[in-house]
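Worksheet: one structure, shown below.
The values are calculated or read from the model by the stated rules, or taken from the named source; none is laboratory data. Just so it is clear, the structure is predicted and the values come from calculations on it, not from any experiment. Backbone-built Cβ (ideal geometry, glycine too); neighbour counts: all protein chains shown. These area figures cover heavy atoms from the full protein model, side chains too; ligands, DNA and RNA do not enter into them. Shrake-Rupley method; radii C 1.70, N 1.55, O 1.52, S 1.80 Å.
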Amino acid sequence: MSTSSTSSSLSAHIRKKCHCGFPAAMKTSWTVHSPGRRFLTCKLYDTDLGMPGCNFFKWVDEDMSNWQKKVILELLNENKRLKDELKQRKEQESDDQKLEKKIVELGVELENIKTEKKKNFIICLVFVVIFLLFGKLT
């Protein structure tokens, strides 16, 4: 079918009205039996909200062969697998970043402890020197 006849056929579908009198809405099916197949339905049709509209329904695209359906479903599954893998990697990166931040914080805390220990050693050393000096003077 040529592009011009496809687009004129498509625009004829788009001008259709549902039983409510609204311009029909074009949606895409992602079911196992009709993946990627477009259809016209009532503008008020929404499966997520449980709204059937006026039950107007008309396929826009021709039915696909089993091979086409299989390829689309495999691509959809691969897409989902890749999205899940990306999500896991982002979570892992987030965990890694948290660990790196904690390592830096612990490094700073360790340096603070070392500095405090040095101060305490110097203070003790000063007291020992003062004690020894006063001990010799008396």
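Condition check: out of contact with any Leu (no Cβ under 7 Å at 6 or more places or on another chain), of a type outside the set (K, R), part of a helix (DSSP H, G or I) and loosely packed, with under 10 Cβ neighbours inside 10 Å. Does F121 satisfy that? It is false that F121 is out of contact with any Leu (no Cβ under 7 Å at 6 or more places or on another chain), of a type outside the set (K, R), part of a helix (DSSP H, G or I) and loosely packed, with under 10 Cβ neighbours inside 10 Å. Figure legend. Inter-residue proximity from the range 102-118: first residues charged (D, E, K, R), second residues assigned to a helix (DSSP H, G or I) and surrounded by 10 or more Cβ atoms within 10 Å (Cβ to Cβ), beta-carbon distance below 9 Å, spacing 6+ or different chains. No pairs are indicated. Any chance the range 72-92 includes a residue that's touching a strand residue (DSSP E or B) at 6+ places or on another chain (Cβ under 8 Å), open to solvent by 80 Å² or more (accessible area, probe 1.4 Å) and free of Cβ contacts under 8 Å to residues at least 60 places away in the same chain? There is no residue in the range 72-92 that is touching a strand residue (DSSP E or B) at 6+ places or on another chain (Cβ under 8 Å), open to solvent by 80 Å² or more (accessible area, probe 1.4 Å) and free of Cβ contacts under 8 Å to residues at least 60 places away in the same chain.
All conditions but one from (1) part of a loop (DSSP other than H, G, I, E, B); (2) touching a residue at least 12 places away in the same chain (Cβ under 8 Å) apply to E62; the one that does not is (2). Considering only the range 84-96, I want to know if a residue exists there that is of a type outside the set (G, A, S), at pLDDT below 90 and not in a helix (DSSP H, G or I). There is no residue in the range 84-96 that is of a type outside the set (G, A, S), at pLDDT below 90 and not in a helix (DSSP H, G or I). Of all residues in the range 21-54, those satisfying the criterion of being open to solvent by 60 Å² or more (accessible area, probe 1.4 Å), of a type in the set (A, V, I, L, M) and modelled with pLDDT of 85 or more are M26, V32, L44.
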